[in-house]
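**Q** What follows is a single structure, and I will ask about it in a moment.
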């Protein structure tokens with residue numbers, strides 16, 4: 001990520017798995033992304049993530065937020081039209 005870029009929340013994913021998918025999609029498009037608290041050490045915090053009691057924040061540089069939203073929204077809209085496609089992620 002560029003020096004001095006402030007990270008902002010793109011979205012709160014429903015699970016760690018979905019957050020990883022979103023991160024990978026963004027990185028594939030050249031947008032650096034991070035998952036907040038990806039490497040949790042605290043057992044309680046990790047247990048809350050694993051049982052999906054807390055959303056998993058996907059972070060991107062503030063100056064690339066709109067491009068990231070466009071990529072994610074485009075992926076969602078293309079999946080809605082496919083039989084058996086993912087409805088929301």
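**Q** Look at the range 28-53 and say how many of its residues are loosely packed, with under 13 Cβ neighbours inside 10 Å and either part of a loop (DSSP other than H, G, I, E, B) or modelled with pLDDT of 95 or more (or both).
**A** 7
**Q** Within the group 5, 77, which residue is modelled with pLDDT of 80 or more, in a loop (DSSP other than H, G, I, E, B) and more than 14 Å from the chain's Cα centre (by Cα)?
**A** On the way: 77 fails: in a loop (DSSP other than H, G, I, E, B).
Every option except 5 fails the conditions.
**Q** List every residue pair whose Cβ atoms lie under 6 Å apart, where the two residues are 6 or more positions apart in sequence or sit on different chains, the first residue falls within the range 68-80 and is under 17 Å from residue 32 (Cα atoms), and the second residue, located anywhere, is at pLDDT 95 or above and surrounded by 14 or more Cβ atoms within 10 Å (Cβ to Cβ).
**A** Listed by first residue and then by second, the contacts come to 68/10; 68/26; 68/31; 68/60; 71/29.
**Q** Would you please name the residue that is farthest from residue 71 (Cα to Cα), looking only at residues in the range 12-24 that are touching a helix residue (DSSP H, G or I) at 6+ places or on another chain (Cβ under 9 Å) and crowded, with 18+ Cβ neighbours inside 10 Å? Show your work before the answer.
**A** Taking the range 12-24 and keeping what is touching a helix residue (DSSP H, G or I) at 6+ places or on another chain (Cβ under 9 Å), we get 12-13, 15-16, 22.
Still in the list and also crowded, with 18+ Cβ neighbours inside 10 Å: 13, 22.
Values: 13: 15, 22: 10 Å.
Taking the candidates together, the pick is 13.
The values are calculated or read from the model by the stated rules, or taken from the named source; none is laboratory data. On a predicted model such as this, the values are computed, not experimentally measured, just so you know. Ideal geometry is used to build each Cβ from the backbone, glycine not excepted, and the neighbour counts take in all protein chains shown.
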